[in-house]
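Inspection log for the structure reproduced underneath, given as structure tokens.
The values are calculated or read from the model by the stated rules, or taken from the named source; none is laboratory data. Small disclaimer: the values here were computed from a predicted structure and weren't measured. Cβ placement follows ideal geometry from the backbone for every residue including glycine, while neighbour counts extend to all protein chains displayed.
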Amino acid sequence: MTNPTASWDEVDELLGHADSRIVQEIVDTGASIDELGAAIDELETAGGSGEAQLPASPRVAQLRKILEGMRRGLDEEGTMPIGGTLI
């Protein structure tokens, strides 16, 4: 059985109330909240090492690409809060 698609509110909350366009883009992928969590975890793991980790699935890779696009709005310190975690 597959996990249900994450709702707009779930994605918004997990991303710490990100830009609504990004939330909608993620919802449009049909990803589950678990897949979004995996994408965030993979980015956090690779963040400090600079090493690219193979994504857990094609959908997680798609989510990682969207989340990496969020980095364009980083502050001067190079951090952006996502779900209360700085990445």
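If you go through the stretch 23-32 one residue at a time, do you hit one that is among the charged types (D, E, K, R), modelled with pLDDT under 90 and either touching a Leu at 6+ places or on another chain (Cβ under 6 Å) or closer than 15 Å to residue 68 by Cα (or both)? No; the residues of the stretch 23-32 include none that is among the charged types (D, E, K, R), modelled with pLDDT under 90 and either touching a Leu at 6+ places or on another chain (Cβ under 6 Å) or closer than 15 Å to residue 68 by Cα (or both). Within the stretch 8-34, the set of residues being free of Cβ contacts under 8 Å to residues at least 40 places away in the same chain and within 17 Å of residue 57 (Cα to Cα) comprises 27, 28, 29, 30, 31, 32, 33, 34. For the stretch 49-69, the criterion of being in a helix (DSSP H, G or I), charged (D, E, K, R) and modelled with pLDDT under 90 is met by at least one residue.
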